[in-house]
Ligand code: CTP
Ligand code: CA
């Protein structure tokens, strides 16, 4: 439990954690990306290792030291992340999608570095939607009792609160738990702290107040262990 993180309550379990942000290349040097640092995913991996789990960490462009004992699978694009997570999920008791996949990729890739135009106009970039890795894993459980966890960084708006958006996303994805952050202002990105609400498909909601990302990580593994 969180009170006894040095215990080995996850021993015998294999967990897959994805971390970081994917890159979608336009040409050999340019990509579309996002602001995910990988810190929350790495904290999840360290917490699971400390509690005795075997950990596969699928890392998308993360610039952090590898947690000792984790099996790290480096990836760059959402297509690579998808393939690596689906492969690892075949033998996993839990899959936690802490990574931020790019929702779109350029429809075309240029082998040649794209050049500026003589008339000063900008070339339009056409986008295609990427596959939804979390929804795929949640709808095709590869092992009985496998627990699937997603993350959602949301900003509330005039129509819906962050938690309403989170509930709808949990249902849409078909996952067991969804860790919802309010990211208005952008304070969470690159930070060592996090605060969140862990929503459950069973209707539960666990509030985790602002603290080091390791505290949220242990709270998530507590919820996963309860579902096992
Ligand atoms: N996710 C995924 N594959 C994608 C996009 C998202 O597996 N192509 C996962 C993320 O890793 C995260 C969860 O889905 O765990 C929610 O991500 P989010 O970006 O909030 O969901 P989207 O369905 O992309 O919704 P939105 O339009 O709000 O971005
Ligand atoms: Ca998205």
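Any read-out appearing in this document is the output of simple, stated calculations on the displayed coordinates, not a laboratory observation. Just so it is clear, the model here is predicted, and its values are computed rather than measured. Note that each Cβ is placed from the backbone with ideal geometry, even for glycine, and that neighbours are counted across all protein chains shown.
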TODO: Of all alpha-carbon pairs in region 62-158, indicate the percentage at a distance above 21 angstrom.
DONE: 52
Open item on the list: For q values of 0.16, 0.18 Å⁻¹, compute log₁₀ I(q)/I(0) with the Debye formula on a Cα-only model of region 86-228, without solvent.
Closed with: -0.91, -1.07
TODO: Mind giving me the FRET efficiency for residue 140 and residue 207? R0 is 30 Å, r the Cβ-Cβ distance, nearest 0.05 is fine.
DONE: 0.45
- [ ] For region 1-90, divide the Cα radius of gyration by the Kirkwood radius and give the resulting Rg/Rh value with two decimals.
- [x] 1.04
- [ ] Go ahead and run the numbers for FRET between residue 30 and residue 193, Cβ-Cβ distance against an R0 of 41 Å, rounding to 0.05.
- [x] 0.80
Task: Residue order, fewest to most beta carbons within 10 Å, for 10, 44 - done: 10, 44
TODO: Note down the relative contact order for region 54-192 as a percent, whole number, built from C-alpha pairs under 8 angstrom at least six residues apart.
DONE: 20
- [ ] Could you please state, rounded to a whole Å, how far the C-alpha centre of region 156-182 is from the C-alpha centre of region 98-119?
- [x] 30
- [ ] Could you compute the FRET efficiency for residue 168 and residue 118, with r as their C-beta to C-beta distance and R0 at 45 Å, rounded to 0.05?
- [x] 0.40
Open item on the list: As a footprinting exposure proxy, order 121, 18, 191 by other Cβ within 10 Å, with the fewest listed first.
Closed with: 121, 191, 18
TODO: Based on the mean of other Cβ atoms within 10 Å per residue, sort peptides 211-223, 99-111 so the most packed one is first.
DONE: 211-223, 99-111
